[in-house]
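What follows is a single structure, written as structure tokens, with notes after it.
The values are calculated or read from the model by the stated rules, or taken from the named source; none is laboratory data. Just so it is clear, the structure is predicted and the values come from calculations on it, not from any experiment. Here Cβ is always computed from backbone atoms with ideal geometry, including for glycine, and neighbour counts include all displayed protein chains.
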2 protein chains.
Amino acid sequence: MPQLSASQIEKALQNLPDWELAGETIRKTFVFEDFVAAMGFVIEVAQLAEEVGHHPDIDIRYNRVVLALTTHDVGGVTERDVRLAREIEEM
Amino acid sequence: MPQLSASQIEKALQNLPDWELAGETIRKTFVFEDFVAAMGFVIEVAQLAEEVGHHPDIDIRYNRVVLALTTHDVGGVTERDVRLAREIEEM
């Protein structure tokens with residue numbers, strides 16, 4: 001799976017609100033009512049990640065969850081990351 | 001709840017294998033067989049955290065989970081963090 005170019009990523013992010021390019025990842029911070037709601041989201045993301053075999057980096061800070069997607073094999077963002085971000089948005 | 005001194009933290013860490021002082025936190029990296037096992041651990045930690053009303057920072061990297069404990073109110077490590085670390089070790 002080829003690494004996307006900066007302009008390809010930029011284009012993809014136009015349809016992914018609040019996702020941003022950060023180094024070799026695309027990243028978004030999700031804010032919830034409290035820790036329990038944040039964990040509920042994390043569990044849903046984890047189930048989806050396991051189903052599609054692609055796992056975001058997940059940082060939990062009480063009611064805030066940062067997801068970062070990258071394709072380690074190619075050292076950058078691929079269509080796989082964009083697809084998973086879309087699926088997370090559709091959850 | 002008072003902030004612990006460096007020597008108090010050092011003493012507490014002697015009974016907390018692989019926990020280390022990192023800035024204003026005590027921190028440990030847990031390594032698991034795979035993502036599913038890591039998430040199982042995170043869910044257990046989250047339940048414990050919610051029960052005791054004290055929530056670690058949790059970073060998930062596939063099969064690795066980093067927990068960092070601090071007491072934000074005092075800007076450092078307190079007995080509360082040490083207690084939660086002990087409870088996590090006893091899980």
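Checked against (1) within 14 Å of another protein chain (Cβ to nearest Cβ); (2) more than 14 Å from A:A38 (Cβ to Cβ), A:A85 passes all but condition (1).
For B:L4, the criteria (1) under 21 Å from A:Y62 (Cα atoms); (2) touching a Ser or Thr at 6+ places or on another chain (Cβ under 7 Å) hold in every case but one, which is (1). Taking strands (runs of 3 or more DSSP E) as the structural unit, those lying wholly within the range A:1-74 and holding at least 1 residues that are surrounded by 16 or more Cβ atoms within 10 Å (Cβ to Cβ), at the interface with another protein chain (Cβ under 10 Å from one of its Cβ atoms) and not charged (D, E, K, R) correspond to A:57-61, A:64-69.
Among the numbered conditions (1) in contact with a strand residue (DSSP E or B) (Cβ under 7 Å, 6 or more places away or on another chain); (2) free of Cβ contacts under 8 Å to residues at least 24 places away in the same chain; (3) over 21 Å from B:L69 (Cβ atoms), the only one that A:W19 does not meet is (2). Listed by first and then second residue, the pairs linking a residue in the range B:30-51 that is more than 13 Å from B:E87 (Cα to Cα) to a residue that is surrounded by fewer than 21 Cβ atoms within 10 Å (Cβ to Cβ) and of a type in the set (S, T, N, Q), with Cβ atoms under 8 Å apart and 6 or more places separating them unless they lie on different chains, are B:V31/B:N63; B:F32/B:N63; B:E33/B:N63; B:D34/B:N63; B:F35/B:N63; B:A37/B:N63; B:A38/B:N63. Quick one: would you say A:R27 is under 25 Å from B:T25 (Cα atoms), touching a helix residue (DSSP H, G or I) at 6+ places or on another chain (Cβ under 9 Å) and at pLDDT 95 or above? Here the answer is no, as A:R27 does not meet what is asked.
Here are the criteria: (1) surrounded by 18 or more Cβ atoms within 10 Å (Cβ to Cβ); (2) under 13 Å from the mean Cα position of the chain (by Cα); (3) farther than 26 Å from B:V66 by Cα. Tell me which single one A:R83 does not satisfy. The number of the failed condition is (1).
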